[in-house]
């Protein structure tokens, strides 16, 4: 008996939800450490605020799509809750300056910009045009989110070390992009399918780099002095990704190596949230 496109789309949507949820949980070790130490230890909140904004956008898009957007609504509503918890924990344990910056960013991005998008699509875009306009906005933002792995890949190439690019996370982000690509393709939704082509491409590139550099010994690693990652290298869509490590921070503030790894891991996770994000569709 032949399986129609809607049944296949449902299957890929369910799998996409599962994988995206797993990627959303990637920052848990970081926040468990924050809870234990009662300190954010220098890492930033930008990735989580952006991940929340992405989830809010895709959830709105899913609502406009009606029944066809059910899978987007489920994973992105869950992502909104998870990212909100992360942000609340950050605000509780962050120093005053970081707390004020986070609140300003939330007001600017998640209240100001998101509110403007709501008003624009409700007041100026009518009927099917509303879905089209929001679809382009979501797709464009998703593409920008998928730029996150470029910073991590550059770091891997320069240091010849995969220490900050866990293979498991790259694998799940790639898998997430595949699921949401086929979900969008089967539903003939360009706005979901297209960004995940980039997600898949970057995910495969990360895994290839891992294979190339995984056997590099620490003694052979070339340290890059004063290496700085962009403030934001950023799914759901998926996951939830967050770049804040500086050499001078490590030297002067004594940031644990594990915290650096967790922070960069969260940066990559944002790409997931692209509908997937993960990526943090």
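See the values below:
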quantity	calculated
Enumerated helices (runs of 4 or more DSSP H) restricted to region 1-107, each holding at least 2 residues that are more than 20 Å from residue 184 (Cβ to Cβ) and at pLDDT below 90	28-37, 46-65
For residue 197: the one exception among (1) touching a strand residue (DSSP E or B) at 6+ places or on another chain (Cβ under 7 Å); (2) modelled with pLDDT of 80 or more	(1)
Unique residue being closer than 24 Å to residue 23 by Cβ, in contact with a helix residue (DSSP H, G or I) (Cβ under 8 Å, 6 or more places away or on another chain) and crowded, with 21+ Cβ neighbours inside 10 Å when the list is 134, 106	134
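The values are calculated or read from the model by the stated rules, or taken from the named source; none is laboratory data. Since we're looking at a predicted model, the values are computed, not measured. In this analysis, Cβ positions are derived from the backbone assuming ideal geometry, glycine residues included, and neighbour counts consider all displayed protein chains.
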